[in-house]
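Asks: One structure, pasted below without further comment.
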Amino acid sequence: MNYKELWDSGTRLLTEAGVPEARLDAWYLLEYATGITRARYWLDPLAAVCEEQAALYQSLLDKRARRIPLQQITHQAFFMGSVFYVNEHVLCPRQDTEILAENALDRLQGLAAPEILDLCTGSGCILLSLLAERPDARGTGTDLSAEALSVARRNARELGLEARCVFAEGDLFSALEPGKLCGKDSHPCMKYDMIVSNPPYIATEVIATLSPEVRFHDPGMALDGGADGLVFYRRITEQAGSWLKDGGWLLVEIGHDQGESVSRMFEEAGFGSVAVIKDLGGLDRVVSGRYTEGDIHV
């Protein structure tokens, strides 16, 4: 078969399987399986494809037709200009989450050698992106999933950042207890200049209504935010002051309908300069607030 025939057949298969943006996903998989570029394709779309690459393409299409996320099939996700390894144990980095990383970088301006804590780090994409942009920064990532932390450590190695970050297994701040941190120059029980988090925030009953890619293939523990989706925000805002330096920042990603509730939690916990930040689609996406020593009520 040639490239055009493969792409057309892949598009039909994914369309019949109900995959959103079927033609685009069929192209990405063709690109991954054969190494073809768009420029090369349009020069000669009728060029023959070897049987081995065609068979690989078909196997990848079959997985996508079962609604396995594209990034889990290729084990590649793009975030803040870097490529991250992902698998079924972590959420795939999303463009919306770049709003959190970009605003975190804005608030780190003018601060020398910042120490950053990333709760529910998953693939490590937020923390590692901040470290990549700030060569003077160091970071700590925590997660309840040992499998997710394995992915984060792999990404740190592949991005050349492992010397400036450590990872610890545990439930939010409990992972910071003495003896739980591991890695080069680990610092248990320290205070941070910034805490960032993209915690589970989907209400339990809503999960059953999500797309098959999310419902069946994303890790449930990274999605479920309890009955109202706000469980983790309550815990984070209640405890964050104990782990922030005076003047430190807390930034969290939120669901589009959670801005009012989460910003109120920030204010009730004593944070100042509380702001709700919108994504490119105009939806509430991030809440940020600043800690002033003595004002946090824990």
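Asks: Collect the residues in the range 140-177 that are under 17 Å from the mean Cα position of the chain (by Cα), more than 25 Å from Gly225 (Cα to Cα) and among the small types (Gly, Ala, Ser), keeping them in residue-number order.
Replies: The answer is Ala156, and nothing else.
Asks: Which residue, of Ala203, Ala222, Ala208, is aliphatic (A, V, I, L, M), touching an Asp or Glu at 6+ places or on another chain (Cβ under 7 Å) and modelled with pLDDT under 95?
Replies: Ala203
Asks: Which condition number in (1) surrounded by fewer than 22 Cβ atoms within 10 Å (Cβ to Cβ); (2) touching a residue at least 24 places away in the same chain (Cβ under 8 Å); (3) in a helix (DSSP H, G or I) is the one that Ala112 fails?
Replies: Exception for Ala112: condition (3).
Asks: Please work out if Thr121 is closer than 22 Å to Ile254 by Cα and in a loop (DSSP other than H, G, I, E, B).
Replies: yes
Asks: I'd like the full set of residues that are touching a helix residue (DSSP H, G or I) at 6+ places or on another chain (Cβ under 7 Å) and among the charged types (D, E, K, R), limited to the range 115-130.
Replies: Correct list: Asp118 only.
Asks: All but one of (1) surrounded by fewer than 19 Cβ atoms within 10 Å (Cβ to Cβ); (2) at pLDDT below 95 hold for Cys92, so report the exception by its number.
Replies: (1)
Asks: From the list Arg134, Arg40, Arg67, exactly one residue is closer than 30 Å to Ser174 by Cα and basic (Lys, Arg). Which is it?
Replies: None of the others qualify; the one that does is Arg134.
Asks: Looking only at the range 143-151, decide whether some residue is crowded, with 24+ Cβ neighbours inside 10 Å, assigned by TED's automatic domain parsing to the domain that holds Ile99 and farther than 14 Å from Val90 by Cα.
Replies: no
Asks: Is it the case that some residue within the range 49-64 is touching a residue at least 60 places away in the same chain (Cβ under 8 Å), of a type in the set (Lys, Arg), within 24 Å of Ala148 (Cα to Cα) and touching a helix residue (DSSP H, G or I) at 6+ places or on another chain (Cβ under 6 Å)?
Replies: no
Asks: Sticking with this structure for a sec: Are there any helices (runs of 4 or more DSSP H) wholly within the range 15-85 with 1 or more residues that are within 20 Å of the chain's Cα centre (by Cα), and if so which?
Replies: So the answer is 70-74.
Asks: Test each condition in (1) within 19 Å of Phe167 (Cα to Cα); (2) in a helix (DSSP H, G or I) for Ile99 and report the one that comes out false.
Replies: Single failed check for Ile99: (1).
Asks: Scan (1) under 18 Å from the mean Cα position of the chain (by Cα); (2) more than 20 Å from Thr140 (Cβ to Cβ) for the single condition Val252 breaks and write down its number.
Replies: (2)
Asks: Which condition number in (1) crowded, with 18+ Cβ neighbours inside 10 Å; (2) touching a helix residue (DSSP H, G or I) at 6+ places or on another chain (Cβ under 7 Å) is the one that Leu244 fails?
Replies: All conditions pass for Leu244, except number (2).
Asks: Residues of the range 16-58 being surrounded by 12 or more Cβ atoms within 10 Å (Cβ to Cβ) and of a type in the set (Ser, Thr, Tyr), which ones?
Replies: Passing the criteria: Tyr28, Tyr32, Thr34, Tyr41, Tyr57.
Asks: Confirm whether Ser129 is crowded, with 17+ Cβ neighbours inside 10 Å, in the same structural domain as Ile195 (by TED's automatic domain parsing) and within 15 Å of Phe84 (Cβ to Cβ).
Replies: Yes; evaluated as a whole, the condition is true for this residue.
The values are calculated or read from the model by the stated rules, or taken from the named source; none is laboratory data. These numbers were taken from a predicted model, which means no experiment stands behind them. Cβ coordinates were reconstructed from backbone atoms using ideal geometry, including for glycine residues, and neighbour counts include every protein chain displayed.
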